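Here is the structure we will look at.
The values are calculated or read from the model by the stated rules, or taken from the named source; none is laboratory data. Just so you know, these numbers come straight off a predicted model, no measurement behind them. Counting neighbours? That spans all protein chains shown, and the Cβs are built from the backbone with ideal geometry, glycine included. Each accessible area value is taken on the protein alone, full model and side chains, heavy atoms only, with ligands, DNA and RNA left out. Shrake-Rupley method; radii C 1.70, N 1.55, O 1.52, S 1.80 Å.
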Amino acid sequence: RAYEPVVHFDEFWLLRAHLVPLNDTVRALPLRVSLGPLGLWRWQVQLQMAQSFALQQQWGASREADSDEFKRMLVETNPYLLGVTMCVTLLHSVLDFFAFKNDIQFWRNRKSVEGLSVRTLLVNFVCQLIILLYLLDNDTSWMILASSGVGVCIQAWKI
């Protein structure tokens, strides 16, 4: 008994930038076909990522362009650089959390603002708000927006 290999058309790494719009003026198209084995683990990871991207798009949490950008980043960026970026981002998030925690602890135990400048508190709040609005205007990552938004809320709470 012979077992035939599974044929899988891998369109996961096909980015929208690689697509060519078709109309009556197109006479010839570039065609590139590659054939090779795909390990079970890699196939499962790609399938899981594709399902995750589809679910995020269905919920409105991301757009197809975001998924394409993430795939492009994985393809074009050095894996070591991605690893270092992930570690630095995680460390920054943890330190941000500790800074927020200590700020809240300090201000929760204050009975008065004696020795502290109320004008500085107001200026800090306005600066944080301007930064948040700028980040919102430039379609910044939700992680950075969340951090900045929490900072604005804490500044408003201080006042």
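The table below gives the values:
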read-out	value
Full-stretch length increase - H92, R16 - with 0.36 nm per residue and alpha-carbon distance subtracted	24.1 nm
When the range 51-131 is reduced to its Cα atoms, the Kirkwood hydrodynamic radius in Å	16.9
FRET efficiency, E69 to R110 (Cβ-Cβ, R0 41 Å, nearest 0.05)	0.40
Three-way shape call for the chain based on the alpha-carbon gyration tensor, with the a/c threshold at 1.5	prolate
Apportionment of accessible area to carbon and sulfur, the range 9-159, percent (1.4 Å)	64
With at most 16 other Cβ atoms within 10 Å, longest stretch of the chain clear of loop trypsin sites (Lys or Arg not before Pro) (DSSP)	112-159
Longest site-free stretch - the chain; sites: GluC sites (Glu not before Pro), DSSP loop, at most 14 other Cβ within 10 Å	12-113
The chain, relative contact order [Cα under 8 Å, separation at least 6], %	19
Å² per residue, accessible surface of the chain at 1.4 Å	86
M86, M143, M49, reordered so the largest accessible area comes first (probe 1.4 Å)	M86, M143, M49
